[in-house]
Amino acid sequence: MTLTVRYFAALRDQMGKAEEEVEYDASTPRQLIDWLTERDGRAALLGEPFVRIIVNQDIVAADHALNPGDDIAFCPPFSGG
């Protein structure tokens, strides 16, 4: 299935890109993170507890069910005013 994966803030810098489309049959964000990490070790940071997983603009848990065409974003904590 095709998924759009977006990286925000420091994660964008870590991954070297803001977004990408991937073809992978992940059923959960955890499986997607594992696959991304196997492909590129820098993605291991995506699995850290402080990283928010956002699917179709909703914050979800790592075991949330994914569907074809989902938009998955990984977002670290922000600070500022």
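List of remarks:
- Close amide H pairs (under 5 Å, H built 1.01 Å from N) link Arg52 with Cys75, residues at least 5 positions away or on another chain.
- When each of the peptides 54-67, 25-38, 7-20 is scored by the mean number of other C-beta atoms lying within 10 Å of its residues, the order from highest to lowest reads 25-38, 7-20, 54-67.
- Cα-based shape type of region 2-75, given that a ≥ b ≥ c are square roots of the gyration tensor eigenvalues and the cut on a/c is 1.5: rounded
- Relative contact order, whole percent, for the chain stands at 40, derived from Cα pairs under 8 Å and 6 or more residues apart.
- Long-range amide H partners of Thr28 with built H, under 5 Å: Leu66
- Helix 29-39 axis versus longest C-alpha principal axis of the chain: approximately 90°, rounded to the nearest ten.
Bear in mind that the values in this text are calculations on the coordinates, not laboratory data. The structure displayed is predicted, hence computed values, not measured ones. Glycine gets a Cβ as well: all are built from the backbone with ideal geometry, and neighbour counts include every protein chain shown.
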